[in-house]
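K.L.:
Let me begin by handing over the structure; questions about it come next.
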Amino acid sequence: MNNSRCLYPGSFDPVTLGHLDIIRRAAAIFDTVVVGVLHNPEKKGCFSVEQRVDMLQRVCRDMPNVQVISYGGLLAQLTKETGISVVVRGVRGVADLESETAMARINHQLNPALETLFLPASPEMGEISASMVRQLAAFGADLSAYVPQEALPVILAAFQPQ
Ligand code: COA
């Protein structure tokens, strides 16, 4: 693929090693990976959009073909605006596959030029989720097995007792 680009969208609230695994693998396939911090209306959100972008930028610093953006609208609209025609999503198991398939179909209906590619999450990442990280952080647990080192200061600061 020449000048290939993909969008890796998510809430990233916060970025986890599971997300980083997908970003690295996508960056090895595509010339450019655009990581998009998008809004999931079903989730309240713990970190601000600015904090999520900041964490992702720190984490992706060693990957020159990865850029981080944020967007407040529909994913399909973003792909139309940017001309990106491939969305990458990680799937951890059958539950993810079911919901991701529904999302991919709707996005394809909204933008017929758009295809979604699923990457299977690496087995050691299968249990990681952003909500689990938030829960562990709230109880002061060690996060180093779940979160990229570069994102830790932002997460720890957010959960510092006042
Ligand atoms: N390894 C480990 N965990 C992973 C993972 C991986 N490879 N990929 C995702 N996860 C986890 C995340 O940590 C997250 O955990 P949480 O549920 O505890 O927060 C969960 O899986 C899914 O989160 P994420 O990948 O960040 O996506 P999301 O489902 O929160 O958001 C959007 C998906 C933002 C892409 C979607 O809501 C969207 O497109 N929003 C824009 C509005 C829109 O277009 N809506 C219509 C969609 S049909």
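The values are calculated or read from the model by the stated rules, or taken from the named source; none is laboratory data. Owing to the predicted nature of the structure, the values given are computational and were not obtained by experimental measurement. Positions of Cβ are generated from backbone atoms using ideal geometry, with glycine treated the same way; all protein chains shown enter the neighbour counts. SASA here: full protein model, heavy atoms, side chains in, ligands and nucleic acids out. Shrake-Rupley method; radii C 1.70, N 1.55, O 1.52, S 1.80 Å.
K.L.:
Using 0.36 nm per residue, how much length does the chain from Thr32 to Glu50 gain when fully extended, once their Cα-Cα distance is taken away?
P.N.:
4.3 nm
K.L.:
If you don't mind, another one. With a 1.4 Å probe and all protein chains left in place, how much accessible area per residue does the chain have, in Å²? Let's see the in-between values first.
P.N.:
Working: 9030 Å² over 162 residues.
Accessible area per residue, the chain: 56 Å².
K.L.:
Give the residue from Asn40, Met63, Ser99 lying farthest towards the positive end of the charge dipole for the range 5-158; charges sit on Cβ (+1 for Lys and Arg, -1 for Asp and Glu) and the dipole is referred to the Cα centre.
P.N.:
Going by the charge dipole, the pick is Asn40.
K.L.:
For Val68, enumerate residues with amide H under 5 Å from its amide H, sequence gap 5+ or separate chain, H modeled in the peptide plane.
P.N.:
Correct list: Val35.
K.L.:
Residue separation times 0.36 nm, minus the C-alpha to C-alpha distance between His39 and Phe118: what's the value?
P.N.:
Gain on extension, His39 to Phe118, equals 26.4 nm.
K.L.:
Long-range amide H contacts for Val87: which residues qualify at under 5 Å (H placed 1.01 Å from N, peptide plane, sequence gap of 5 or more or a different chain)?
P.N.:
Leu7, Glu115, Thr116, Leu117
K.L.:
Label-point separation (nm) for Gln149 and Arg24, each offset 7 Å from Cα along Cα-to-Cβ?
P.N.:
Result for the modelled spin labels: 1.2 nm.
K.L.:
Right, something else. Going through the range 47-79, which trypsin sites (Lys or Arg not before Pro) have at most 16 other Cβ atoms within 10 Å and a DSSP loop state?
P.N.:
Filter output for the range 47-79: Arg61.
K.L.:
Sticking with this structure for a sec: What does the charge dipole of the range 5-158 about its Cα centre add up to, to the nearest 20 debye, if the Cβ of each Lys and Arg holds +1 and the Cβ of each Asp and Glu holds -1? Mind showing how you got there, number by number?
P.N.:
Values: 13 positive and 16 negative charges, 46 e Å.
Computed charge dipole of the range 5-158: roughly 220 debye.
K.L.:
Once neighbouring chains are kept in place and the probe is 1.4 Å, which whole percent of the accessible area of the chain is contributed by carbon and sulfur?
P.N.:
53 percent
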